[in-house]
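S.K.: One structure, pasted below without further comment.
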Amino acid sequence: MTPYDLLPRFKAQYDANSQEFSISGVVRPQAIDELGPSIALLRDAIGRVRGVLYVNVRRLTQMNNAAFHAFSRIILDACRARLDLRFVVITSSVVGWTSRKFGRLSGIEPNITVEEYDSEFYPGQGFLEDGGFVPILRTQTKMTWRHERAILPRHGMRPGIVMADICCGIGDFAVLVQKEFQPSRIVALDHSRSSLAYARNVAAEFDIKGIEYTYGDASEMLLEENQFDLVTCRHSLQVFNRPELILRELFRICKPGGRVYITNEKNSHCLGEPRADSIQWTYNEVAKLWAHFQMDIELGPKSQRYLTEAGLEDIRVESFMVTNRDGDPQDFADVIAAWENVYAGEMATKRGDTPAFIRRFRQGFQDHIFAALHSKGYAGWPIWVASGRKPL
């Protein structure tokens, strides 16, 4: 990598291995001369590349027209001078103007295309964004909170800290943390606009202060590094096809000495009695179903490895079992019913499963509900909690 720290507010670099020129930050020159080193770097990259040059602007937060036209001119001229060269501009939906602005270039030159980096990065997002799933997310959080409120202080939670809740979903965990532990500041970030809209509406309705809800890509956050005492990411790494990218970002925004806290599941360890065999079969199939969609619902016990590989130290891992005895058994049953609708309904159908398989698949969820509501029954859902400290 050849970095150019051109101005305090932006950086350009070229990676010859991936043939990628990237520029990030705020690019608002008063004179084009200020762009001299980055323009020279782009010209040099164009001269070296064969085939495709990737232009990565997914962390470009601002760019004035003078800078846009300067870079665009070089790219357009290169397309006309070298018919063998193709440009792929990589943007992010988090910074929507980049897709619109650079999209104009693809309308001018057919050898320029624009790709939104995160458009297919969240394979499970569509299954969980349906507004009808919101009450179940609230119920799940209520059930896990009974355990986490006691666990969190062992993983860095304390009053007055600065905290980020990444992949915050509908924001209910951030609200519970604020009420219980009173951090001085909470930034809650998510990639789902519908979830954030729900969170903001709840905050407004109940006059909840101190939580900053923000839209963002967890794998490429527009948040400054080294600013949070505690960074949480709950039930989310398992939904991504590249969890190591998320962990890299959680590490980056965490202060040295601060902690990164994650929770994940191992769904094949869900259990119930009576009808244990049917329940076990279904949750083994859940794990296979998620794997088909490039997600890992078995990630929980792998947490220590992921945190260690991310560069964290002092790894702390523990697990707990959410059961039908944690409050109202109907809450547990409602969660399982929602899983059945999503997993045995939408996901299994999309995978192309046969009607016979889906009937058996559904039966396991229904047997789990039966166990949860049975006066002598027991139903469990295991959660892994882990955290690591960022080295000083």
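S.K.: Take Met295 and decide whether it is at pLDDT below 95, under 25 Å from Ile166 (Cβ atoms), among the aliphatic types (A, V, I, L, M) and assigned to a helix (DSSP H, G or I).
M.R.: Details: at pLDDT below 95: yes; under 25 Å from Ile166 (Cβ atoms): yes; among the aliphatic types (A, V, I, L, M): yes; assigned to a helix (DSSP H, G or I): no.
So Met295 does not fit the description; no.
S.K.: Which of (1) at pLDDT below 95; (2) farther than 19 Å from Arg146 by Cα; (3) touching a Gly at 6+ places or on another chain (Cβ under 7 Å) is the odd one out, the single condition Gln178 does not satisfy?
M.R.: Unmet condition: (2).
S.K.: Select the strands (runs of 3 or more DSSP E) contained entirely in segment 1-85, then report the ones holding at least 2 residues which are under 30 Å from Ala218 (Cβ atoms) and free of Cβ contacts under 8 Å to residues at least 12 places away in the same chain. Talk me through it step by step, then tell me what you get.
M.R.: On the way: elements: 2-7, 10-15, 20-27, 52-56, 60-63.
Those strands (runs of 3 or more DSSP E) span 2-7.
S.K.: Mind listing whichever residues of segment 182-198 are open to solvent by less than 20 Å² (accessible area, probe 1.4 Å), over 15 Å from Gln140 (Cβ atoms) and part of a helix (DSSP H, G or I)?
M.R.: Hit for segment 182-198 is Leu196, nothing else.
S.K.: Among the residues of segment 184-220, write down those that are farther than 30 Å from Ile90 by Cα and in contact (Cβ under 8 Å) with a residue 40 or more places away in the chain.
M.R.: If the condition is that a residue be farther than 30 Å from Ile90 by Cα and in contact (Cβ under 8 Å) with a residue 40 or more places away in the chain, then Ile211 is the only one that fits.
S.K.: Continuing with this model, one more query. Taking the stated definitions as given, is Arg316 open to solvent by 60 Å² or more (accessible area, probe 1.4 Å) and at pLDDT below 95? Before the answer, list the steps.
M.R.: Working: open to solvent by 60 Å² or more (accessible area, probe 1.4 Å): yes; at pLDDT below 95: no.
No, not satisfied.
S.K.: Turning to a different aspect of this structure: For segment 143-179, which positions are closer than 19 Å to Val385 by Cα, out of contact with any Ser or Thr (no Cβ under 9 Å at 6 or more places or on another chain) and surrounded by fewer than 16 Cβ atoms within 10 Å (Cβ to Cβ)?
M.R.: Hits for segment 143-179 are Arg146, Arg149, Ala150, Pro153, Arg158.
S.K.: Which of (1) part of a loop (DSSP other than H, G, I, E, B); (2) modelled with pLDDT of 55 or more is the odd one out, the single condition Tyr122 does not satisfy?
M.R.: Condition not satisfied by Tyr122: (2).
S.K.: Among the listed residues Val89, Val134, Val52, identify the single one that is under 23 Å from the mean Cα position of the chain (by Cα), open to solvent by less than 50 Å² (accessible area, probe 1.4 Å) and modelled with pLDDT of 90 or more.
M.R.: On the way: Val134 fails: modelled with pLDDT of 90 or more; Val52 fails: under 23 Å from the mean Cα position of the chain (by Cα).
Going through Val89, Val134, Val52 in turn, the sole match is Val89.
S.K.: Considering only residues that are surrounded by fewer than 21 Cβ atoms within 10 Å (Cβ to Cβ) and over 13 Å from Cys167 (Cβ atoms), which ones fall in segment 230-257?
M.R.: Answer for segment 230-257, where residues must be surrounded by fewer than 21 Cβ atoms within 10 Å (Cβ to Cβ) and over 13 Å from Cys167 (Cβ atoms): Asn241, Arg242, Glu244, Arg248, Phe251, Arg252, Lys255, Pro256, Gly257.
S.K.: How about segment 319-339: which of its residues are at negative phi, outside any strand (DSSP E or B) and small (Gly, Ala, Ser)? It would help to see each step written out before you state the result.
M.R.: At the first step, the residues of segment 319-339 found to be at negative phi are 319-326, 328-339.
Subsequent filtering for residues that are outside any strand (DSSP E or B) retains 324-326, 328-339.
Ala333, Ala337, Ala338, listed by residue number.
S.K.: Identify all residues within segment 363-389 that are in a helix (DSSP H, G or I) and either without any contact (Cβ under 8 Å) to a residue 60 or more places away in the chain or open to solvent by less than 30 Å² (accessible area, probe 1.4 Å) (or both); write none if there are none. First the steps, then the outcome.
M.R.: In the first step, residues of segment 363-389 are kept if they are in a helix (DSSP H, G or I); the result is 363-373.
Listed by number, the residues that qualify are Gly364, Phe365, Gln366, Asp367, His368, Ile369, Ala371, Ala372, Leu373.
S.K.: Can you run down the residue pairs with Cβ atoms below 8 Å, 6 or more apart or on separate chains, where the first is in segment 263-276 and free of Cβ contacts under 8 Å to residues at least 24 places away in the same chain and the partner is buried (at least 18 other Cβ atoms within 10 Å of the Cβ) and assigned to a strand (DSSP E or B)?
M.R.: Close Cβ pairs satisfying both conditions: none exist.
S.K.: Okay, moving on. Among (1) closer than 25 Å to Met321 by Cα; (2) at pLDDT below 90; (3) part of a strand (DSSP E or B), there is one condition Glu115 misses while meeting the rest; what is its number?
M.R.: Glu115 satisfies every listed condition except (1).
The values are calculated or read from the model by the stated rules, or taken from the named source; none is laboratory data. Every value quoted in this text rests on a predicted model; they were computed, and no experiment measured them. All Cβ positions, even for glycine, are placed from backbone atoms using ideal geometry, and neighbour counts span all protein chains on display. The area values use the complete protein model at the heavy-atom level, side chains included, leaving out ligands, DNA and RNA. Shrake-Rupley method; radii C 1.70, N 1.55, O 1.52, S 1.80 Å.
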